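Report on the structure given below.
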Amino acid sequence: MTVTQRRGRRIMMSPDELDAFLSTERTCRVATVSSDGAPHVSALWFTWDGTSLWLFSITRSKRWADLRSDQRIAVVIDAGEEYGELRGAELSGTAVFVAESPRMGEPCPELDAPERLFAGKYFGMDSMPYDGKHAWIRLTPDAIASWDFRKLAELQGS
């Protein structure tokens, strides 16, 4: 069950707004916990299937090593330049590794939709190109917090 935010309800995105935002944005920032307890943040491409965030990560990365030892993860996706146009979402929960590592294209029905979405979004293709260096991490969030500062102008006008 996803926890909804308590503060900032007036500027949080609706479920439809959140789906549209997560479906179109291209880069996220992934926060992990290193073995010594230090935080680590890195940028990554992702896709959203309406329920889960799918991260296609290099398997020899610090992010991957961190998540292998501690599956706690937080991801931020944001957009906007000026204060009044800032919007974004933070999703947090537990990382789940899906399919073989690295991904070589073994049949995995769970990856059919995410791979189709990802291939179209980043490569303009119908199917995934595999490079033998990446694999999939799924985040089905336990908590989501979102914000859309463009709603502040609407609130001030009412």
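Of note:
- Angstrom value of the Kirkwood radius, inverse mean 1/r, which spans all Cα pairs in the range 72-147: 14.4
- Considered as an equivalent ellipsoid built on the Cα gyration tensor, the range 1-74 has semi-axes of 26, 16, 10 Å, the largest given first.
- Segment R26-A79, extension gain: residue separation times 0.36 nm, minus the distance between their alpha carbons: 18.1 nm
- Helical mean residue ellipticity (222 nm; -39500 (n - 2.57) per DSSP H run of 4+; nearest 500) of the chain: -5500 deg cm²/dmol
- Accessible carbon and sulfur surface of the range 68-132 relative to its total accessible area, %, 1.4 Å: 49
- Shape metrics for the range 1-148, restricted to C-alpha atoms - Rg then Dmax, Å: 15.4, 46
- Solvent-accessible surface of the chain, averaged per residue with a 1.4 angstrom probe and all protein chains in place: 57 square angstrom.
- Phi-based couplings in Hz for the range 112-126 (Karplus 6.51, -1.76, 1.60; Gly and Pro marked x): 3, 5, x, 5, 5, 4, 5, 4, x, 5, 9, 10, x, 10, 8
- Peptide packing: for 138-148, 40-50, the average count of neighbouring Cβ atoms within 10 Å per residue gives the ranking 138-148, 40-50, highest mean first.
- Amide proton proximity set for A143, modelled H, under 5 Å, gap of 5+: V3, S92
The values are calculated or read from the model by the stated rules, or taken from the named source; none is laboratory data. All of these numbers come straight from a predicted model, not from anything done at the bench. With ideal geometry, Cβ positions are generated from the backbone for all residues, glycine too; neighbour counts draw on all protein chains shown. Keep in mind that these areas ignore ligands, DNA and RNA; they rest on the heavy atoms of the full protein, side chains included. Shrake-Rupley method; radii C 1.70, N 1.55, O 1.52, S 1.80 Å.
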